[in-house]
Structure formats: C-alpha cells, structure tokens
Amino acid sequence: EVPWDGNSSSRKQAVGGAGATHTAGARPALDHRLEDGPPSASEVERAFGLHRFREPEAHGLEFARGEVRCVCGCCETWQRWVSGKPLLTSAGGLPVTVHGGGAPLVRYEVITAELVESLAIWFAGLAGRRPAPLRVLEVGAGDGRLTLHLRAALRRRGLSSREVQLVATDSGARELAACEPGAVEARDYRSALLEHAPHAVLCSWMPLGEDWTAAFRSSESVETYLLLGEVDDGCCGRPWETWGYDADGTHGSESEGDGESGGESGDESGDAGGGEGEGDEGGGGLL
C-alpha cells in the first residue's frame, strides 16, 4: 500500500506491480523537492511498506536466475524510487526528481529528516566546545545532498558558516551529478584532507573493501570523525582497519596497537549510535 496526500479521497491504494496506476491527482508522499528537505523515516516506512517482514503475504517472491527478489508493488516502487525512475501515475508518470543539472536523483542512501537532525545536534555540540569556526569535511559525498541538508539544519539552529564551515567532496568515481551547482568539490579523500585541514570528517557509506580512516587518524588537523553505514563486517570499509572488528580471528590481543589502525580503531570508532556525540574529540561516533 502507498499512502497519498491528505486531500485525496482514496488515501491508500494497493499497488500491483508494473501495470499499476495511482489515484488521479494524488502524489506519492515521497515526491519531495530538494529544497523541501528530506522525508521523515515514518514517511519512507509507510510509502514502501518497510519492516513488514512478519507479513509474508504482503510480499510476492520471485525465484529467477539463482536470485530471490520481491515483486510486490511496494518493492517495485522502492526500486524505481532509489534508482531515480519515474513513479507510475494515472496521469502518465510523475516526473522523476532531478538535480539542478537535470540528472536523475539516484539514491545510494535514504537521507531522512531524523538523520539530518541528529547530525546537526552532534556537530553543533562539537562547535560549542571549541573556538569557531569548526571545519567539517564530508568525503565520498556523492551528489552532496547530505551536506546540503545538514547545512540547512545547522542554520535552523542559528549556526552559520562563521560557526561551522561545511565542505562536501567526492572523487567523481561514480560520475554523480551534484545536487546543485557548486555543491560538491571534486577531490578524493586524501586530497581533500590536505586542502581543507578539517577538524571533523563525515563519511557516509565508505566503499566496501576500502579503509579511509587511517588517513583521517594520521591527519594533524582531524580531531574526530563520524562514520555512517554498516559496522563490523557489513558492506562499508574493512572490518579490522575501519571498525576494529576481528572478523577472521587473525587480530588477537597480541596484534593490538600494531600499525595505523590496530588497537586505535576500536577506541576511535566511538560508540554505535553515537549521534549525540558519545565519543569525545579524540574519537568518532557512529550512526
């Protein structure tokens, strides 16, 4: 089921796959403009029927080519939304959300209002504990939407660029268009650290199999860093080097303290869920 706006006489309508149409005149709840800010977590959950794994009848599974995928309307709509494809409507197709440059808004992460607010609280706390301005660098920023929304959230808290300086950078490896002109500086994380000498680094969904945290820790200017994504042996970074997680049992106590990330990474990665700044300025928190 997909919720419609409050003005629609048919608030919910079952979606039945590729041939389904929405109620005439209704807009999916997640057709947000960039300037409107990100959707809330509850909007995302309602729109796509997330967390309904205890209702197997709500999802239709298809087995093909050695893969299992869901072909229910919610999951099909989800795939279209995250890949930047138009959502289906009876009016012939809702225009896909696009960046200022006209490129489809492909979502590699779902940024929610709650996430942005938590980040704003965390960075505002850092800014209040040190001389202004706090220099914050986002690396691997993709299209720059996270920093754009974070900057707006900090402004709502009365923090301008005089108190917190935010810069989004990306290597351009995925060839993503910036969410608006000038939103992202074309630099890889090593070059960005040298150029901007940040006090804090934000990294969202570090690529699997790569570890950037050693460079964060070796930077003379960096006091803390914040990692968003799957921890330990998930799909971000490297288990031991990034998270201090002994995935294969080869990094016992005798190895701790060796190398750039040995015993340090367990301390410097902070506490999972540290949106309120669990770690002090010597370590990063996780969300």
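Brief remarks on what is shown
- Matching residues, the stretch 215-229, being surrounded by fewer than 16 Cβ atoms within 10 Å (Cβ to Cβ) and either of a type in the set (Gly, Ala, Ser) or touching a Cys at 6+ places or on another chain (Cβ under 8 Å) (or both): Ser218, Ser221
- Within the stretch 119-168, the set of residues being β-branched (Val, Ile, Thr) and in contact (Cβ under 8 Å) with a residue 40 or more places away in the chain comprises Ile121, Val136, Val139, Thr147, Val164.
- Here Asp211, Asp246 are screened, and the one residue that is open to solvent by 10 Å² or more (accessible area, probe 1.4 Å), part of a loop (DSSP other than H, G, I, E, B), closer than 26 Å to Gln165 by Cα and touching a helix residue (DSSP H, G or I) at 6+ places or on another chain (Cβ under 9 Å) is Asp211.
- Only one entry in Leu176, Leu159, Leu193, Leu154 is closer than 25 Å to Arg130 by Cα and in a loop (DSSP other than H, G, I, E, B), namely Leu159.
- Some residue of the stretch 230-237 being at positive phi, over 21 Å from the mean Cα position of the chain (by Cα), open to solvent by 10 Å² or more (accessible area, probe 1.4 Å) and modelled with pLDDT under 95: no
The rows are residues; the columns are (1) open to solvent by less than 50 Å² (accessible area, probe 1.4 Å); (2) modelled with pLDDT under 95; (3) under 29 Å from Glu45 (Cβ atoms).
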{"position": "Thr89", "(1), (2), (3)": "yes, yes, yes"}
{"position": "Thr112", "(1), (2), (3)": "yes, yes, yes"}
{"position": "Val116", "(1), (2), (3)": "yes, no, yes"}
{"position": "Leu159", "(1), (2), (3)": "yes, no, no"}
{"position": "Val164", "(1), (2), (3)": "yes, no, no"}
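- Set Arg187, Arg217, Arg162, Arg174: member being within 19 Å of Cys235 (Cα to Cα) and among the basic types (Lys, Arg): Arg174
The values are calculated or read from the model by the stated rules, or taken from the named source; none is laboratory data. Predicted model, so just to flag it, every value in this text is computed and none were measured. Don't worry about glycine lacking a Cβ; one is built from the backbone with ideal geometry, like all the others, and counts go over all protein chains shown. Calculation scope for accessible area: heavy atoms of the full protein, side chains included, ligands and nucleic acids excluded. Shrake-Rupley method; radii C 1.70, N 1.55, O 1.52, S 1.80 Å.
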